[in-house]
Structure formats: C-alpha cells, structure tokens
Amino acid sequence: HVIELPAFNPANPKGEQILYICDYRPQQKVYSLPEYIGCISSIETDVEIPQFHLNNIKTGFAAGTMITFYSGQTEDEEQMRLTDLAVKKKMAGSANAGEMLINFQNTGTEPPKVENLTNNDLDKRFEQNAKDTVERIFIGHTVTSPMLMGVKTPGELGGRSELALSWEHFSNTYVKPRQQEVEEDVNYILSFMGYKDCLELVPLTPIGI
C-alpha cells in the first residue's frame, strides 16, 4: 500500500506534508550530493587497503604473481579464457590479495610455475598510499587539522595552542555556517506553529581548550 504525501505548502500548512530542504547544486535532480563527494574514491581505497593486507597475511599470495601452465598451449581460446577467469576469481582482487597473469606455454608436461613479479618496495608504496589516502579524506571532509579527529602526525610539534587554533578555524569555516542553516530551517517550521526564532544552537567547547 503506497501513501502519497503532498509537498509542503506554506499557504496551507495543515495535515501531513513533506518539506524538502537541500543545498543548491547545478543539474541537481532529487537527492543532493554529499560534500565529501570528491574523496569517495579515497574512502573506498582506505577500506580496500586493510582488506588487501589482511588477506596477504592469511594467504601469503601477494599481488603481481604469474602462473605458467606447462600443459600445452591449446587452440581453444574460450577454454583458456574460462581457466583465466576461474583462477582470478578465486585468488585475485583485494579480497584475495592480488592480481595475476595467466600464461600458457607449449613446453611439455611440467607442473605449473609460479613467479613473483612484485617489486621489493611494494610495502613502502602501500604505506605512502595509505598516508595520501587519509590526507585526501581529511581534505574532502574539510578537516583543517588531523588533531581534531584524534590523529597526530609523527614528528610534528604542537599541542594545546595548535588544537585551539585548529578548532576555532574549523568551527568558524565549517560548523557555524551549517548550524545557522539548521537554525533557519527549524525556526522556519516552528514559525507556522506560532514560534519565532526560538531555536539557537549553543556551541560546545572541546575538553581541555
């Protein structure tokens, strides 16, 4: 059973109505885009990296691996494609820690040969990638200093004064403008009930500042 509700009508604010409030965006249709839309790929990367490392530890089957089948190169390309897909589905991807290259050769009946194609500095590249990913996520969420989220940069000086300055900047540029929008929207609704400018959000002071 579907119940249809009309859009909010300021001229007749009675009964059940829907008031849709969102920020304006060009070419917007129904739902607005989140402010962190620019760092969604970084968020997905941050989810996949721990999964990749976890499965590397569990299986020891690192990325950059080539498996050579010495069972003869067949002319049946469809069969080779199905074999390639079957092995990759079982062992490749972040959930299985690695992509692989399947190579068919005509050298007799030797057993498959597994070769590691990974560079020795793969761990360093993932470490740097993790740092860059976290930084992009902070930027995408307009976080001016990681200290506000409880993240301390190694080797960086700072403390109470830096945290206070970062909080003031974040509060003035991000928190307060959005608080004002919430106050205006809620007070607009309450004005139809006879209340005027009765809601005011009081900012809290961070512990220790």
What are the residue pairs meeting all of these: first residue in the stretch 18-46, first residue touching a residue at least 12 places away in the same chain (Cβ under 8 Å) and under 26 Å from residue 186 (Cβ atoms), second residue among the β-branched types (Val, Ile, Thr) and open to solvent by 70 Å² or more (accessible area, probe 1.4 Å), Cβ atoms under 7 Å, and 6 or more apart or on different chains? 19/189
Restricting to the stretch 1-36, and then to whatever is of a type in the set (A, V, I, L, M, F, W, C) and at pLDDT below 85, can you tell me which residue is least open to solvent (accessible area, probe 1.4 Å)? 22
State whether the residues of the stretch 123-142 include one that is in a loop (DSSP other than H, G, I, E, B), touching a helix residue (DSSP H, G or I) at 6+ places or on another chain (Cβ under 8 Å), at negative phi and modelled with pLDDT of 65 or more. yes
What is the residue count in the stretch 137-153 for residues that are of a type in the set (Gly, Ala, Ser) and open to solvent by 60 Å² or more (accessible area, probe 1.4 Å)? 1
Under 7 Å by Cβ, and 6 or more places apart or on different chains, what pairs join a residue from the stretch 179-207 that is touching a residue at least 12 places away in the same chain (Cβ under 8 Å) and farther than 24 Å from residue 167 by Cβ with one that is open to solvent by less than 60 Å² (accessible area, probe 1.4 Å) and in a helix (DSSP H, G or I)? none
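The values are calculated or read from the model by the stated rules, or taken from the named source; none is laboratory data. Note that the coordinates shown come from a computational prediction; the quantities given were computed from them, not determined experimentally. Glycine also receives a Cβ, built like all others from the backbone with ideal geometry; neighbour counts cover every protein chain displayed. We work out accessible area using only protein heavy atoms, side chains counted, and drop any ligands, DNA or RNA first. Shrake-Rupley method; radii C 1.70, N 1.55, O 1.52, S 1.80 Å.
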